[in-house]
């Protein structure tokens, strides 16, 4: 077992076909005690029950720092430690530059970037006490290539900010034996994207992917598992591309 009895938090993990839920399953299969955080308590608890009785589901809005701190406190009270955090919670909006209003910008940046910071801040004190921990931050290929298929420029900006934040935290926290890494998924088939791709769009996109297929949530989940485990013990500050070759650089 790669994560035997390790306590790992996954934010935004209640959606049945999402990256977060797939990651939670992959972690649990390798022995982790998984904590699923999502906006609705009922959804988080249901998703945790799907994994088994040892796992925990909690309500948490990652844009609310006090909510993040309260969730971390509850987790530490139950399990006594926090070994990993997957900052998966995110939203996107398919807007063009001139259509982005202040509310759009704030919503996308708050969940994707501020939420990553707040949840990380909530667990870092415990990881420092332990002198160990792994934080994985979910960015996007759109941060690297200047836009994606569905996300607007504000989404690209937020996800690029995640990369900068993760690298800076990696540099700061390395002396505490806390590793911080990022994942940049390409186009992954989830509940968010599943109903938006026409047959023609899918065919055109696949033409630009050397591996000849769209990604699925399990592809990203396996990357999260790798970065959460001791297999990546000497990796920090890296960006792991999971895009089938959509972007090679």
### Task
Go through the range 179-218 and give me each residue that's touching a helix residue (DSSP H, G or I) at 6+ places or on another chain (Cβ under 7 Å), within 23 Å of residue 156 (Cα to Cα) and outside any helix (DSSP H, G or I).
180, 181, 182, 183, 184, 185, 187, 188, 190, 213, 214
### Task
Hey, can you tell me all the residues within the range 19-45 that are within 16 Å of residue 138 (Cβ to Cβ), touching a strand residue (DSSP E or B) at 6+ places or on another chain (Cβ under 9 Å) and not in a strand (DSSP E or B)?
19, 20, 21, 22, 23, 24, 27
#### Entry: Top-ranked residue of the range 4-14 - restricted to ones that are farther than 19 Å from residue 183 by Cα and in contact with a helix residue (DSSP H, G or I) (Cβ under 7 Å, 6 or more places away or on another chain), ranked as surrounded by the most Cβ atoms within 10 Å (Cβ to Cβ)
14
### Task
Run down 158, 168, 221 and say which single residue is farther than 20 Å from residue 12 by Cα and not in a loop (DSSP other than H, G, I, E, B).
168
### Query
Within the range 224-245, can you find the residues that are touching a strand residue (DSSP E or B) at 6+ places or on another chain (Cβ under 9 Å), closer than 18 Å to residue 146 by Cα and either without any contact (Cβ under 8 Å) to a residue 40 or more places away in the chain or in a loop (DSSP other than H, G, I, E, B) (or both)?
243, 244
## Note on the structure
Cβ pairs under 9 Å, 6+ apart or interchain, first in the range 192-216 and within 18 Å of residue 20 (Cα to Cα), second at pLDDT below 95 and exposed (fewer than 12 other Cβ atoms within 10 Å of the Cβ), ordered by first then second residue, are none
### Of all residues making up the range 27-63, the number that are surrounded by 24 or more Cβ atoms within 10 Å (Cβ to Cβ) and under 19 Å from residue 133 (Cβ atoms)
8
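The values are calculated or read from the model by the stated rules, or taken from the named source; none is laboratory data. Predicted, not measured: the structure shown is a model, and the values here were computed from it. A quick note on method: Cβ atoms are made from the backbone with ideal geometry, for glycine too, and the neighbour counts reach across all protein chains shown.
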